[in-house]
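The values are calculated or read from the model by the stated rules, or taken from the named source; none is laboratory data. Note that the structure is a prediction, hence the values are computed from the model and not measured. Positions of Cβ are generated from backbone atoms using ideal geometry, with glycine treated the same way; all protein chains shown enter the neighbour counts. Accessible surface areas use protein heavy atoms only, side chains included; no ligands, DNA or RNA. Shrake-Rupley method; radii C 1.70, N 1.55, O 1.52, S 1.80 Å.
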Amino acid sequence: MRNHPGFFERMEGYNDVRFLIDPSDLPVVFLFRADPANPSIEPFWRGGDHAGDVRVAGQLHDLVDLFEGNVDGDALFFARTIPIEGDPSAVLASRNAALVEPMQLVCQMPSGFGPLRPQLG
């Protein structure tokens, strides 16, 4: 929220939508909520009952490229590289928000590691 306030502003009206981010090459999935008052991303082991209103799947590098705005999301979707399921209006809102304010996930990942941050980047 602090690093991407514009993304969350553009997601207004979708605060309760649960986005299941499903990196197919990892043993975990992530449940993301774009509620500006209480944004969250929670990891879960794959195989549990973690339903989302929207599911975005694909290999991790494709998902990172998508959220960072490095690739054309429509092209990945129509090439079936990134399958997307669920609430079409929430999918469109998140796509538009990411186009206007892409997230630099790789650069920001070390900030989530607390005291290990200096060693990671």
In nm, spacing of pseudo-spin labels at Phe44 and Gln59 (7 Å Cα→C-beta vector): 2.6
The stretch 18-70: trypsin sites (Lys or Arg not before Pro) in DSSP loop, at most 13 other beta carbons within 10 Å: Arg46
Accessible carbon and sulfur surface of the stretch 1-41 relative to its total accessible area, %, 1.4 Å: 49
Length gained when the stretch Asp25-Ala37 is fully extended (0.36 nm per residue, less Cα-Cα span): 1.2 nm
Solvent-accessible area per residue for the stretch 1-89 (1.4 angstrom probe, square angstrom): 60
